[in-house]
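Trainee: Can you read through this structure? Questions will come right after.
Quick note: the coordinates plus some simple rules give every number you see, no bench work behind them. Source: prediction; values computed, not measured. All Cβ positions, even for glycine, are placed from backbone atoms using ideal geometry, and neighbour counts span all protein chains on display.
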Amino acid sequence: MTSSPTRILIAASGTGGHLFPAIALAQQLPDYEIEWLGTANRLETSLVPDKYPLNIISVEGFQQKFSLKTLKIILGFITSIFQTQKLIKEHQIDVVFTTGGYIAAPAILAARLQKKPAVIHESNYIPGKVTKLLSRWCDVVALGFTGTSQYLPQAKTVHVSTPVRSQFLTPQALDLNIPDEAPVILVSGGSQGAVAINKLVRAAAPAWFDLGAYVVHLTGKNDPDENSLQHPNYIPMAFSANMAGLLQRANLAIGRSGAGTITELAFTSTPAILIPYPYAAEDHQTYNAKELVDAGAAVVYQQSELTPEILEEQVSLWLKSPELLTQMAAKAQNLAVTDSAKRLANIVRGLTSK
């Protein structure tokens, strides 16, 4: 008799920071049957269905103020736990994995109720609310940063860094009309874009063009000024599926400091100007940035203090002294954990070995 395949439920929803590490794990488990848990109208609806069966539940994050909508959210949350329990039963799930966020709560609780092992990966330096609340009910909490363990004293934690997608493991072709010798600045506000960063960069970029640089600008889909800058060296696009290729080519990156971004910068040895999202919970993006900054691979500016003049001057300094960027790139490379996804997969396999 042949044994049945191991089955995993992956609960990851919302942003690239939650989805891409989960996809990286899934790519390390080709022998597993994978079910995906997500919510409607989020990024997973476009990224996941081509690869794995997507199961939608109705769960939302809780609001600060109590209102009638709070009752609806609570009801939806309870319903989502039972929906996830049913999914675990029907598909004979052996292990549940999640990358945090509000979808992690019903996933972990349903796993607990069904007596199935659960693993959560916390990519941010400051763990999210769900991780803090429910990590003690997980068999393993995998960490993106070693220092995060101090915030989870009751959990079994293992540092694995944050996995990157398989595209980052090999050189990627880049179909852009940019001369080989030209310096490239990659600007990205994360998977959702960032209007504030867009404005800063467009104001500062003309000086960089004068120095021969090209700017590849991932603007996001909600950019009110998308046609405000025109130049042969300016390449705007709402989104790119080839972030690996762009970072591999870039001499400098400008953007937010989500945990996934920090990992990708180290992996591709890309120096960076980091502008933490000012409304991130507990200012966790500033803490994320600290690892690269302390290593000398990046500089960080708070959005409130950064002006087009400061940004223009900082980038121009590096463009005029490219050896400084070369030194930063080497320091970034020293931080890369190249087998993070494999480490995470080994944790999952250890919990499901039959």
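Trainee: Amide H to amide H under 5 Å from HIS159: which residues, 5+ apart in sequence or cross-chain, H placed 1.01 Å off N in plane?
Mentor: Under 5 Å from the amide H of HIS159: LEU143.
Trainee: Modelled label-to-label distance, ALA330 and THR79, 7 Å Cα→beta-carbon offset: nm?
Mentor: Result for the modelled spin labels: 5.9 nm.
Trainee: Write out the trypsin sites (Lys or Arg not before Pro) in the range 165-254 meeting two conditions: DSSP loop, and at most 16 other Cβ atoms within 10 Å of their Cβ.
Mentor: Within the range 165-254, the qualifying trypsin sites (Lys or Arg not before Pro) (loop, at most 16 other Cβ atoms within 10 Å) are LYS221.
Trainee: Same structure, new question: Can you find, among HIS159, PRO276, THR326, the residue sitting farthest towards the positive end of the charge dipole of the chain, where Lys and Arg contribute +1 and Asp and Glu -1 at Cβ?
Mentor: Ranked along the dipole, the leading option is HIS159.
Trainee: Additional query: Given points 7 Å out from each Cα along the Cα-Cβ axis, report the SER321 to SER240 separation in nanometres with one decimal.
Mentor: 2.7
Trainee: What number does the range 83-201 give for Rg over Rh if you use C-alpha atoms and the Kirkwood radius?
Mentor: 1.12
Trainee: For the range 114-123, just list the computed ³J(HN,Hα) in residue order, Karplus coefficients 6.51, -1.76 and 1.60, θ = phi - 60°, integers in Hz, with x standing in for Gly and Pro.
Mentor: 8, 6, 10, x, 10, 10, 10, 9, 9, 8
Trainee: Where the centre of each part is set by its Cα atoms, how far does the range 1-60 sit from the range 131-183, in angstrom?
Mentor: When both Cα centres are located, 17 Å separates them.
Trainee: Nearest 10 degrees is fine. How inclined is helix 308-320 to the longest principal axis of the chain, computing both from alpha carbons?
Mentor: Between the helix axis and the principal axis of the chain, the angle is about 80 degrees.
Trainee: Relative to the first principal axis of the alpha-carbon coordinates of the chain, what is the inclination of helix 340-352, with its axis defined by its Cα atoms, in degrees from 0 to 90 and to the nearest 10?
Mentor: Value to nearest ten degrees: 0.
Trainee: Working from Cα positions, state the angle (0 to 90°, nearest 10) between the long axis of helix 195-210 and the longest principal axis of the chain.
Mentor: With both axes taken from Cα atoms, the answer is about 30 degrees.
Trainee: Can you list the lysines whose alpha carbon is less than 30 Å from that of LYS199, not counting same-chain residues fewer than 8 positions off?
Mentor: LYS221, LYS290, LYS320, LYS331
Trainee: ³J(HN,Hα) across the range 163-176 via Karplus (A = 6.51, B = -1.76, C = 1.60, θ = phi - 60°), whole Hz, x for Gly/Pro?
Mentor: Rounded to whole hertz, the list is x, 10, 5, 4, 4, 6, 7, 9, x, 10, 5, 10, 8, 10.
Trainee: Moving to a separate point now. Charges only on Cβ, +1 for Lys and Arg, -1 for Asp and Glu: so what's the dipole of the chain about the Cα centre, in debye to the nearest 20?
Mentor: In debye, rounded to 20, the chain gives about 1660.
Trainee: Taking only the alpha-carbon atoms of the range 169-333, what semi-axes of the equivalent ellipsoid follow from 5 times the gyration tensor eigenvalues under a square root, in whole Å, largest first?
Mentor: After scaling each eigenvalue by five and taking roots: 20, 19, 16 Å.
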